[in-house]
Each structure stands twice: as C-alpha cells, then as structure tokens.
C-alpha cells in the first residue's frame, strides 16, 4: 500500500502575493500573512503596515463574522508585533472602524478590549497614566499632521494614513518639521 501526499512550498508563492490577495479564499490570506511575515522578519514597522493591510482586506471580504474573527487571530499570531506597535495597530484599527461603517467592528473591538484588560492589570495605574499621556500626545500630533498634510497635498493615501497611525511621537515631530520645506508628500516621509 502506498499513499502519496502533494507537497506545496509556500515560498513558491512569494511572487504571486497580489494574485493571492485578489482571491476570495481564506488560505490565500493566511499564505500571504506567512510570506509577509518572512519578508518583514527584521522590520517591525513594515510588518505592522502589512498586517494593517491584511486586516482591512478581512473587513472588505463578504465573509461571516466568525470566519473574520478566526482569520484575524491566525494573522495576528503569524505576524506578531512588538507590544507598542501591536497596541498602535489595534488603536489604528478601532479608529478606522469608527470612520467607516463596517459590520464586523465589534469583533475586533472585543479582541482589543480583552487584550487591553489583560495588559492593563499587568501594567498598573501609574504606568498606564504615563502611557496614556504619551499616547494622547502622539494621537494629537498624528491628527494635526494629517490636517496639515491634507491641506498642503490633498487627500492622503492609505499608506500615508497607516504611517501616521503607526508612527511614534518623535517620528511624527520630524515629519511635522519636514512639512515646512517639503514639495511633495514623499519628501515629508523621507528619512533625512
């Protein structure tokens, strides 16, 4: 008796990411998550942006609520982020959900709230207050920079909005200073 198993190496799909993203197939998204995790292994910021993109794609699919929750958990596990970036990503997702009218908002909110409660108990009140002040400052900087960029260069693309949502206060300050002399949006975000 002989049993044959077909073998597929996910790395063989690395040049077909756009094709996989266009498919209405959950395994395609999981494959893309794996490929992007490999590509961004040493760049947490790029991984965060890629994870943001996949999360938005989940919402745009016409899938049932439980499938979206399950796939988000798998993608979250595959594309693990440092705690600070993960918190910013969750905040960015919730902020994006509030601006759009997505039907599955509460599922990701609940996941975020569960994680937030666990983290909150561990961190303590004083540290939480300090982080809250820092995050509030960061959010205010991001909001102000978004207004300045929109006034100066027109409507922001998704990558620019994601960059603003994920950047720390120091990076936002640098970009705000760049606005003064920049002739284009790409000059604002350029590392000098």
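The values are calculated or read from the model by the stated rules, or taken from the named source; none is laboratory data. All values reported here derive from a predicted model rather than from experimental measurement. Neighbour counts run over all protein chains shown; Cβ positions are idealised from the backbone, glycine included.
Could you list all residues from the stretch 71-83 that are in a helix (DSSP H, G or I) and surrounded by 14 or more Cβ atoms within 10 Å (Cβ to Cβ)?
71, 72, 74, 75, 76, 78, listed by residue number.
What number of residues in the stretch 75-93 are at pLDDT below 85 and either over 11 Å from the mean Cα position of the chain (by Cα) or on the phi > 0 side of the Ramachandran plot (or both)?
0
Mind checking which helices (runs of 4 or more DSSP H) fall wholly inside the stretch 99-192 and carry at least 2 residues that are over 22 Å from residue 76 (Cα atoms) and at pLDDT 85 or above?
In the stretch 99-192, 125-153, 169-181, 185-189 are the helices (runs of 4 or more DSSP H) which contain 2 or more residues that are over 22 Å from residue 76 (Cα atoms) and at pLDDT 85 or above.
Please go through the stretch 76-94 and give me each residue that is within 28 Å of residue 134 (Cα to Cα) and touching a helix residue (DSSP H, G or I) at 6+ places or on another chain (Cβ under 7 Å), ordered by number. Steps first, please.
Taking the stretch 76-94 first, the residues within 28 Å of residue 134 (Cα to Cα) are 76-77, 79-94.
Within the stretch 76-94, 79, 81, 82, 85, 88, 89, 90, 92, 93, 94 qualify.
What about residue 61, is it out of contact with any helix residue (DSSP H, G or I) (no Cβ under 7 Å at 6 or more places or on another chain), surrounded by 15 or more Cβ atoms within 10 Å (Cβ to Cβ) and free of Cβ contacts under 8 Å to residues at least 60 places away in the same chain? Spell out the reasoning first.
On the way: out of contact with any helix residue (DSSP H, G or I) (no Cβ under 7 Å at 6 or more places or on another chain): yes; surrounded by 15 or more Cβ atoms within 10 Å (Cβ to Cβ): yes; free of Cβ contacts under 8 Å to residues at least 60 places away in the same chain: yes.
Yes: the conditions hold for residue 61.
Just to be sure, is residue 33 under 22 Å from residue 160 (Cα atoms) and either modelled with pLDDT of 85 or more or within 10 Å of the chain's Cα centre (by Cα) (or both)?
In short, yes.
All but one of (1) surrounded by 18 or more Cβ atoms within 10 Å (Cβ to Cβ); (2) under 24 Å from residue 94 (Cα atoms); (3) over 14 Å from the mean Cα position of the chain (by Cα) hold for residue 162; state the number of the condition that does not hold.
For residue 162, the failing item is (3).
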